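K.L.:
What follows is a structure written as structure tokens; I'll ask about it next.
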Amino acid sequence: YLGETRVDGNCAGNYKLIRSWKAEDACGNSVTKTQTITVTDNKPPVITCPKDVPCGSTTDPSITGKATATDNCGAVTITYSDVVVNNVTTRTWVARDECGNTSSCVQKIVTGPCSHIYHTGTTCTDYKNQLFGAELPQICYKTNGNKVGTVTPGVFFYYTSFTAPSASFCVDIVQSNSCGIANFTVQQSQVSLWDNNCLKVASGVQTNVVGNSRICITNATPGVVYTISVKYDAKSIEGIVINGQTCTYSFKSVINGITVEGSTGTVDLAPNCTATPPPSTTSPVITQNVSTQGLSSGSLETASTTVTTYPNPFYSDLTIRIKPSVSGKALLELYDLKGARLAVIFVGDVQQDIEKVVRYHVPPKMMQTLVYVLTIGKSKVTGKLISGNK
């Protein structure tokens, strides 16, 4: 073996090794040959996507998470691109190694309005402006033996927005539930289509499938965002057999057989609970300092920063609205009553007097009385969140 020469290719993982070999017999006769070994990096990086965000207030990767990647031959560059349909951002992360091999993964981010089920009286404008307290977290019924007794609230709305695919199309609003019981009926003349300025442009009807409805339009502007509202009669299920179950009702909008991205909304029908009040009687602003073991309760500066929570008591989803008195980096944390931090639900910049909306799905293991702590610079605001699940 006489040695080798390396010839680099177009990247660190692509190269050739040229080795020289010599054979010589006992009489001194010899021959020299070369061997060429070609090394090619054709293995893509291994990429891991951040978790999907089912409901948030931003698409900033510093909040929603960033992809990570590794490669067997060198450095990796990670980029992303977004496709936005309605309020759903489909983010494609791409990892590229030094030799141009790529791999990708997809993350879905849903931004507000994320809720689809609302109190009666909620208007198209209320929905688009995310009116505080308008969301309906659950529907309650009194048990009457093995049947549904009185249901509250008696009526409610389903709302969703979407981008018009063409000038003429129909939308089917499909309802289902997890218990296989009766669907809520659609109130007469309460299936509406609204334009981007919340002016009514079309009306629909309940189909021959109870609880489902359809609305059509022939003069839409393609690419413009429209909003659908459907009003349901919750009391229509009173008297049916249910055996004290909690049932999840689902609603979605379908165009040409395809579910509209981001249109699916759910609401639980729960026994012997107390329905949350509509926006006119929403929970008050909570800005008091709370003395809790493990949390500092002295010299907390509330200034004029306000934090509004809804619903309170909460059931599974929280909406927290922050109106800061100063600009800066904000940190919103949740603690239990013993002072143990359970979650960080927001980290980011806020601007003075500009409202920030934070939505958080409370996991089952955190269904207890919670304390939120909002820190902006040297200022803190704290308050209690009461679990409505007994």
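K.L.:
Quick check for me: using +1 on Lys/Arg Cβ and -1 on Asp/Glu Cβ, what's the dipole size of segment 34-143 about its Cα centre, in debye to the nearest 20? Provide the component values of the computation, followed by the final result.
P.N.:
Values: 8 positive and 9 negative charges, 63 e Å.
Dipole of segment 34-143, to the nearest 20 debye: 300 debye.
K.L.:
Let me ask something additional. Which of 51/128; 200/356; 128/356 have a Cα-Cα distance over 18 Å? Provide the component values of the computation, followed by the final result.
P.N.:
Values: 51/128 26 Å; 200/356 30 Å; 128/356 15 Å.
Distance filter (> 18 Å) returns 51/128; 200/356.
K.L.:
Per-residue counts of other Cβ atoms within 10 Å, averaged by peptide: what ranking do you get for 29-42, 152-165, 64-77, 341-354, highest first? Please report the intermediate quantities before stating the final value.
P.N.:
Details: 29-42: 10.8, 152-165: 19.7, 64-77: 15.9, 341-354: 14.2.
The densest-packed peptide leads the list: 152-165, 64-77, 341-354, 29-42.
K.L.:
Once the convex hull of the C-alpha atoms of the chain is built, how many Å³ does it hold per residue, rounded to a whole number? Spell out each step's value before the answer.
P.N.:
Numbers: hull volume 95.6 nm³, N = 390.
Here the figure is 245 Å³ per residue.
K.L.:
For the chain, what is the accessible area per residue in Å² when the probe is 1.4 Å? Present the calculation step by step, with values, prior to reporting the outcome.
P.N.:
Numbers: 19200 Å² over 390 residues.
On a per-residue basis, 49 Å².
K.L.:
Run the numbers on the chain and let me know its relative contact order in percent, using alpha-carbon pairs under 8 Å that are six or more apart.
P.N.:
On the way: 968 pairs, mean separation 48.0, N = 390.
Relative contact order comes out at 12 percent.
K.L.:
In the neighborhood of residue 186, defined by Cβ-to-Cβ distances under 9 Å, what is the net charge if each Lys or Arg adds +1 and each Asp or Glu adds -1?
P.N.:
On the way: positive: 231; negative: 233.
That sum, taken over residues with Cβ under 9 Å, equals 0.
K.L.:
I would also like to ask the following. Which net charge results for the neighbourhood of residue 36, defined as the other residues with beta-carbon distances under 12 angstrom from its beta-carbon, given Lys and Arg at +1 and Asp and Glu at -1?
P.N.:
Numbers: positive: 6, 16, 19, 33; negative: 4.
Summing Lys/Arg as +1 and Asp/Glu as -1 gives +3.
K.L.:
Summarise the accessible area of segment 179-245 (1.4 Å probe, protein heavy atoms) by the percent that is carbon and sulfur. Could you put the intermediate results ahead of the total?
P.N.:
Values: 1540 of 3270 Å².
Of all accessible area on segment 179-245, carbon and sulfur atoms account for 47 percent.
K.L.:
Run the reach check for residue 235 against lysines, Cα to Cα strictly under 18 Å, same-chain hits fewer than 8 apart removed. What comes back?
P.N.:
Output for residue 235: 142, 147.
K.L.:
I've got another one for you. About the Cα centre of the chain, how large is the charge dipole given +1 on each Lys and Arg Cβ and -1 on each Asp and Glu Cβ? Please answer in debye to the nearest 20. Could the numbers behind the result be given before it?
P.N.:
On the way: 31 positive and 26 negative charges, 128 e Å.
Approximately 620 debye in magnitude.
K.L.:
Here's another thing I want to ask about it. Express the carbon and sulfur contribution to the solvent-accessible surface of segment 4-95 as a percent, rounded to the nearest whole number, probe 1.4 angstrom.
P.N.:
Details: 3010 of 5830 Å².
Roughly 52 percent of what the probe reaches on segment 4-95 is carbon or sulfur.
K.L.:
Under the definition of Cα pairs under 8 Å and six or more residues apart, what whole-number percent is the relative contact order of segment 1-97? Could the numbers behind the result be given before it?
P.N.:
Numbers: 156 pairs, mean separation 19.4, N = 97.
Contact order relative to length: 20 percent.
K.L.:
First check a/c for segment 229-277, with a ≥ b ≥ c the square roots of the eigenvalues of its C-alpha gyration tensor; if it is under 1.5, answer rounded, and if not, answer prolate when a/b is larger than b/c or oblate otherwise.
P.N.:
Details: a/c = 2.26, a/b = 2.08, b/c = 1.09.
Because a/c hits 1.5 or more and a/b exceeds b/c, segment 229-277 counts as prolate.
K.L.:
Amide H of residue 312: which non-local residues (sequence gap of 5 or more, or other chain) have their own amide H closer than 5 Å, using H built in the peptide plane?
P.N.:
Placed amide hydrogens put 283 under 5 Å from residue 312.
K.L.:
Give, in whole angstrom and from largest to smallest, the semi-axes √(5λ) of the equivalent ellipsoid of segment 161-289, with λ running over the eigenvalues of the Cα gyration tensor.
P.N.:
On the way: eigenvalues 168, 92, 35 Å².
Semi-axes, largest first: 29, 21, 13 Å.
The values are calculated or read from the model by the stated rules, or taken from the named source; none is laboratory data. As the structure is a computational prediction, the values presented were derived from the model and not from experiment. So basically every Cβ, Gly included, is an ideal-geometry build from the backbone, and we count neighbours across all protein chains shown. These area figures cover heavy atoms from the full protein model, side chains too; ligands, DNA and RNA do not enter into them. Shrake-Rupley method; radii C 1.70, N 1.55, O 1.52, S 1.80 Å.
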